[in-house]
Structure formats: structure tokens, C-alpha cells
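A.B. asks: Below are the C-alpha cells for one structure; questions will follow.
The values are calculated or read from the model by the stated rules, or taken from the named source; none is laboratory data. Being a predicted model, the structure only gives us computed values, none of them experimental. Cβ placement follows ideal geometry from the backbone for every residue including glycine, while neighbour counts extend to all protein chains displayed.
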Amino acid sequence: LLLETSLRKALDNREFRVYYQPKVDIVSKRITAMEALIRWDHPILGLVSPGEFIPLAEETGLIIPIGEWVLRAACFQNCEWVRQGIPPMRVAVNLSGYQFQQKNLLETIRGILDETGLTADLLELEITESVIMQNPDFAVSVLNQLRDLGVHISIDDFGIGYSSLAHLKRFSVNTLKIDKSFVRDVEINSADAAIATAIIAMGNSLNLKVIAEGVETEGQLSFLSDNKCDEVQGYLFSTPMPPEKVAEFMREHG
Ligand code: G
Ligand code: G
Ligand code: NA
Ligand code: MN
């Protein structure tokens with residue numbers, strides 16, 4: 001209850017931060033996007049991870065204003081990076097299931113793009129496979145509208161949410177993001193290796209990009225590269241960093 005009360009005040013008190021983690025093209029090594037990951041800088045607890053407060057935000061409905069805040073902050077930040085002369089890259093924002101179901105999701109996103117001046121192609125939305133599969137028919141219609149808006153769409157945590165190929169071909173998305181639980185032991189666990197390669201093959205055959213998250217070692221990177229995965233993300237390249245670090249990172253890696 002204490003946490004809920006302070007979560008309510010956190011937006012007004014400007015206690016949220018957005019950290020950014022790069023996505024890297026395996027072949028060219030270029031940065032394709034920066035994923036926005038929220039942090040709560042609590043006055044007493046210090047940095048609280050989203051794993052701890054996103055579920056509470058969802059239970060209380062606070063995820064709607066918090067999610068909108070992240071979207072706006074990330075879009076403003078990406079405009080600022082463009083203004084600084086950093087080569088254009090997308091900013092990727094995680095959408096909660098509650099946001100995905102909001103009737104005014106499209107208006108909200110359109111409004112934030114207008115307000116910040118960011119072009120739609122520089123915004124990416126990450127929606128988990130489980131959220132999409134809760135109601136595949138509804139998801140098809142929302143994903144079509146988002147595609148028409150011109151934003152890039154990724155299916156997050158892919159591989160644990162039971163999409164069939166039949167469903168996948170109906171979803172207008174750009175990218176499949178292999179869940180990090182399959183990446184961790186991809187070199188030593190033959191089932192994980194089989195799942196990862198199957199997702200890559202499925203993505204390739206449906207003309208979708210495939211990214212692997214949670215890449216921490218050169219061995220995992222080699223496996224993914226040998227098996228024609230398109231992009232990678234993880235501690236091997238960078239932990240999530242505050243926005244002021246991104247410019248420096250891009251000077252070294254852009
Ligand atoms: O950043 P990790 O660093 O701790 O994130 C933990 C979880 O919180 C991940 O599942 C991530 O997708 C989720 N998450 C991070 N930022 C956001 C956000 O802005 N909105 C939503 N809905 N989830 C987020
Ligand atoms: O659910 P989502 O896929 O958005 O989760 C992203 C989470 O994974 C965040 O908590 C982020 O900080 C974390 N993360 C990012 N890179 C790595 C990595 O290389 N290894 C591990 N174990 N976690 C990572
Ligand atoms: Na994500
Ligand atoms: Mn994920």
C-alpha cells in the first residue's frame with residue numbers, strides 16, 4: 001500500500017527515468033534502435049526496477065499515464081538525438097497489455113508524434129507475444145492500424161506465447177524478438193538451440209526481421225550470427241544507459 005501511494009505521486013514528483021539499450025545489426029554492427037526501459041528513482045529506495053513496479057502499475061491502472069509518459073519522453077529524446085546530429089535510429093517503447101487494449105491508443109500515439117515532431121518510422125513499439133495472443137483477432141486489427149500509422153512493430157518475448165504460423169502470418173509486424181530465456185543456454189542446450197533456429201527460420205520465411213535479446217557472450221553471438229539472426233541486444237554490447245550516455249556511445253559505435 002505504501003508503494004502504491006508513492007507510485008501515484010511518482011509522476012508528479014518526476015521520479016521516473018528512461019534508460020536506453022541499443023539493438024545492433026549483426027552484419028553491419030550499426031545501431032538500429034534504442035529500447036526505452038523505465039526506472040523509478042525512489043527518494044528512499046533508490047532505483048526500483050520495472051519488474052517490481054510495472055505489475056503494481058498495471059493492477060492500479062497507473063500504467064496508462066506512466067506508459068504515456070514513457071512514450072512521450074522517448075519520442076522527445078529521439079528528436080533530441082536527431083537534432084544533435086546522431087545518425088537516425090528508432091526508439092523502441094514497450095507497450096503493456098492494458099495500453100494495447102485502450103480504445104484511444106492510436107490517437108494517443110498520433111498525438112505524441114505530432115507533439116514531439118518525431119516521424120512515425122523512428123518509433124518502434126514492442127508488444128509481447130502473450131498480449132497479442134490473448135485475443136488474436138483484436139490484435140490483428142490494432143496491429144493493422146499501427147502499421148498504417150507507419151510505426152515499426154516488434155513481438156517481444158517471442159517463443160513463450162504459443163503463436164502458430166497461421167496466426168503469425170496475419171499479424172502485420174516487422175520483427176520477432178527471441179526471448180532471452182532461449183538465448184542464455186543456446187550454445188549448450190539443444191532444445192533452446194532448436195527453438196532459436198526455428199524462430200529465425202520462421203521469421204526469414206515470413207519476411208520478418210529477427211532479433212535476439214539477452215546476448216551476453218561472444219559464443220551466443222557467433223551462434224546467432226551463424227544461424228542468420230538479423231539483430232542482437234544485450235549486455236555484450238551495452239547495459240541500459242541514461243540518455244546522456246547515448247551520444248557518447250553512438251560516437252564510438254555509430
Ligand atoms: O529493464 P528491465 O530492465 O528490468 O525491465 C524489466 C521488465 O520491465 C521488462 O519486461 C521490460 O519489458 C519491462 N519494461 C521496462 N520498461 C517498460 C515500460 O516503459 N513499459 C512497460 N509496459 N514495460 C516496461
Ligand atoms: O521483457 P523485456 O524483454 O523487455 O526485458 C528486458 C529486460 O532484460 C530488462 O530487464 C533488461 O534490463 C534485461 N536485459 C537486457 N539485456 C540483458 C542481458 O544481456 N542479459 C540479461 N540477463 N538481461 C538483460
Ligand atoms: Na522489451
Ligand atoms: Mn523481451
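A.B. asks: On the basis of being more than 10 Å from ligand 2 (Cβ to nearest atom), within 25 Å of E124 (Cβ to Cβ) and not β-branched (V, I, T), does L236 make the cut?
C.D. replies: no
A.B. asks: Okay, next question. Look at the stretch 50-98 and say how many of its residues are within 16 Å of ligand 2 (Cβ to nearest atom), within 27 Å of V24 (Cα to Cα) and in contact with a helix residue (DSSP H, G or I) (Cβ under 6 Å, 6 or more places away or on another chain).
C.D. replies: 7
A.B. asks: Could you pull out the residue among A212, A193, A166, A198 that is within 16 Å of ligand 3 (Cβ to nearest atom), out of contact with any Gly (no Cβ under 7 Å at 6 or more places or on another chain), without any contact (Cβ under 8 Å) to a residue 40 or more places away in the chain and hydrophobic (A, V, I, L, M, F, W, C)?
C.D. replies: On inspection, the qualifying residue turns out to be A212.
A.B. asks: Considering the stretch 148-174 alone, what residues qualify as being within 15 Å of ligand 4 (Cβ to nearest atom) and either surrounded by fewer than 16 Cβ atoms within 10 Å (Cβ to Cβ) or modelled with pLDDT under 95 (or both)?
C.D. replies: Within the stretch 148-174, G159, I160, G161, S163 qualify.
A.B. asks: For the stretch 76-95, does any single residue satisfy the condition of being of a type in the set (D, E, K, R), within 22 Å of Q145 (Cα to Cα) and touching a residue at least 24 places away in the same chain (Cβ under 8 Å)?
C.D. replies: There is at least one residue in the stretch 76-95 that is of a type in the set (D, E, K, R), within 22 Å of Q145 (Cα to Cα) and touching a residue at least 24 places away in the same chain (Cβ under 8 Å).
A.B. asks: Being more than 16 Å from ligand 4 (Cβ to nearest atom) and either surrounded by fewer than 13 Cβ atoms within 10 Å (Cβ to Cβ) or hydroxyl-bearing (S, T, Y) (or both): is that true of L2 here?
C.D. replies: yes
A.B. asks: Looking at (1) more than 19 Å from V93 (Cα to Cα); (2) surrounded by 17 or more Cβ atoms within 10 Å (Cβ to Cβ), can you tell me which one L47 breaks?
C.D. replies: Exception for L47: condition (2).
A.B. asks: Applying the selection to the stretch 45-72, what residues are out of contact with any Lys or Arg (no Cβ under 9 Å at 6 or more places or on another chain) and of a type in the set (A, V, I, L, M, F, W, C)?
C.D. replies: Correct list: L45, F53, I54, L56, A57, I63, I64, I66, W69, V70, L71.
A.B. asks: So which helices (runs of 4 or more DSSP H) stay within the stretch 56-144 end to end and still have 2 or more residues that are over 29 Å from L168 (Cα atoms)?
C.D. replies: Those helices (runs of 4 or more DSSP H) span 63-83, 105-116.
A.B. asks: Residues that are surrounded by 14 or more Cβ atoms within 10 Å (Cβ to Cβ), acidic (D, E) and within 16 Å of ligand 1 (Cβ to nearest atom): does the stretch 184-206 have at least one?
C.D. replies: Among the residues of the stretch 184-206, not one is surrounded by 14 or more Cβ atoms within 10 Å (Cβ to Cβ), acidic (D, E) and within 16 Å of ligand 1 (Cβ to nearest atom), which makes the answer no.
A.B. asks: Same structure again: Would a scan of the stretch 28-45 turn up a residue that is in a loop (DSSP other than H, G, I, E, B) and touching a residue at least 60 places away in the same chain (Cβ under 8 Å)?
C.D. replies: For the stretch 28-45, residues in a loop (DSSP other than H, G, I, E, B) and touching a residue at least 60 places away in the same chain (Cβ under 8 Å): present.
A.B. asks: Please work out if A139 is farther than 22 Å from I38 by Cβ, crowded, with 16+ Cβ neighbours inside 10 Å and touching a strand residue (DSSP E or B) at 6+ places or on another chain (Cβ under 9 Å).
C.D. replies: Yes: the conditions hold for A139.
A.B. asks: While we're looking at this one, here's another question. Looking at this structure, is V246 of a type in the set (V, I, T) and farther than 19 Å from V93 by Cβ?
C.D. replies: Against the criterion (of a type in the set (V, I, T) and farther than 19 Å from V93 by Cβ), V246 does not qualify.
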